[in-house]
Amino acid sequence: MITTEISFPENDIARQVCGDLNKNLFTIEEGTGVSIKTRGNKLSISGLKHETELAAATLGKLYELVKSGYPIYQADVAYALRILEAAPKANLKNIFLDQVYITAEHKIISPKSINQKHYIDSIRHQDIVFGIGPAGTGKTYLAVAMAVSAYANKQVRAIILARPAVEAGERLGFLPGDMAQKVNPYLRPLYDALNDMLGREKAADLIEQGIIEIAPLAFMRGRTLNNAFVILDEAQNTTHEQMKMFLTRLGLNSQAVITGDITQIDLPDARQSGLIHAAKVLKNINGIAFNYFSEVDVVRHRLVRDIIKAYEKKGQHRPPPTGSATSAKRAKK
């Protein structure tokens with residue numbers, strides 16, 4: 001057991017780092033196992049050597065974040081701990097200050113892990129990007145944020161969001177309503193993300209104008225998608241043929257993001273997943289990037305991360321290694 005003391009030059013920034021009623025410090029204590037005592041702008045950290053080093057490094061980098069104008073939340077403290085535990089030399093400012101979009105409620109959307117940062121950078125520089133990993137890693141949410149940002153900056157004229165309508169243990173035929181009403185629940189997560197970023201009224205208005213289109217994957221057949229940001233969500237439930245059909249819809253001045261979780265395939269034969277097939281066939285094509293996520297990148301409830309780890313230990317559909325595999329940079333249009 002050792003004790004490390006650190007101090008912050010500016011009291012106002014120190015208070016923001018500690019959080020209301022020292023909530024941020026409690027998060028660090030819980031995440032590292034250390035004990036932190038405060039006295040003004042001085043902190044005393046006690047624990048095992050590697051624990052105190054991690055806690056001190058996290059506090060120091062959070063201080064720099066706040067000093068740069070970033071309003072840290074309690075969840076950000078947990079993300080910072082996770083990042084620095086895996087990569088002690090990581091620059092939190094490069095990650096957290098990478099502003100993707102500001103929502104209707106003035107919430108700043110930014111990456112919360114190293115892999116999320118790689119993902120965002122890939123979307124900025126590549127025409128087709130795959131985001132593959134477990135639930136809760138921000139694959140779809142960040143893709144929608146990038147799409148909304150691209151439209152707001154007049155980089156594209158339309159946003160198209162698609163999902164395969166594949167049953168997850170239920171049968172569409174037993175659901176009430178016509179086909180549109182049956183399919184709508186499958187598209188609900190995409191509506192939720194748009195409502196969160198744009199507000200319900202603006203999102204509904206853009207959908208009514210046809211600027212934003214949310215549709216089942218089958219509705220993409222035969223189309224050419226020009227000047228559009230296209231997202232295919234839940235791509236693990238596409239077949240080889242559907243994936244090829246979707247990718248070949250891409251027109252001029254358009255880009256596509258394909259997201260999916262290969263541990264949650266609802267197809268009758270998991271070997272037929274178009275996402276798994278595409279990862280093998282397209283990995284060496286110039287202009288296509290593959291980004292892989294793991295439980296380390298989960299930004300939902302902390303138990304989601306533990307649940308994913310528990311299932312992985314049982315060997316159920318282990319995902320590819322984490323990291324980012326990106327093809328050679330495309331030639332800009």
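Quick notes
- Subset of the stretch 255-279 that is within 19 Å of the chain's Cα centre (by Cα) and closer than 16 Å to Ala162 by Cα - its residue that is most open to solvent (accessible area, probe 1.4 Å): Gln255
- Scanning the stretch 120-155 for residues that are within 11 Å of the chain's Cα centre (by Cα), more than 27 Å from Pro71 (Cβ to Cβ) and part of a helix (DSSP H, G or I) yields a count of 0.
- In the stretch 280-293, the residue that is nearest to Ser122 (Cα to Cα) out of those that are open to solvent by less than 40 Å² (accessible area, probe 1.4 Å) and over 19 Å from the mean Cα position of the chain (by Cα) is Gly287.
- Residue selection: Gln99 fails the criterion of being farther than 27 Å from Glu295 by Cβ, of a type in the set (S, T, N, Q) and modelled with pLDDT under 95.
- Test for Ile108: is it farther than 23 Å from Ala55 by Cβ and at pLDDT below 95: yes
- Hey, Pro185 surrounded by 14 or more Cβ atoms within 10 Å (Cβ to Cβ) and at pLDDT below 95 or not: no
- Within the set Lys23, Lys89, Lys49, Lys117, the sole residue that is closer than 30 Å to Ile231 by Cβ and among the charged types (D, E, K, R) turns out to be Lys117.
- Restricted to the stretch 28-71, and to residues there that are more than 18 Å from Met1 (Cβ to Cβ) and among the basic types (Lys, Arg), the residue that is surrounded by the fewest Cβ atoms within 10 Å (Cβ to Cβ) is Arg39.
- Residue within the stretch 204-214 that is in contact with a His (Cβ under 7 Å, 6 or more places away or on another chain) and open to solvent by less than 70 Å² (accessible area, probe 1.4 Å) present: no
- Condition check for Ile159: in a strand (DSSP E or B), in contact with a strand residue (DSSP E or B) (Cβ under 9 Å, 6 or more places away or on another chain) and at pLDDT 95 or above: yes
The values are calculated or read from the model by the stated rules, or taken from the named source; none is laboratory data. Keep in mind it's a predicted model, so treat the numbers as computed, not measured. Ideal geometry is used to build each Cβ from the backbone, glycine not excepted, and the neighbour counts take in all protein chains shown. Note: accessible area is taken over every heavy atom of the protein model, side chains too, but ligands, DNA and RNA are not part of it. Shrake-Rupley method; radii C 1.70, N 1.55, O 1.52, S 1.80 Å.
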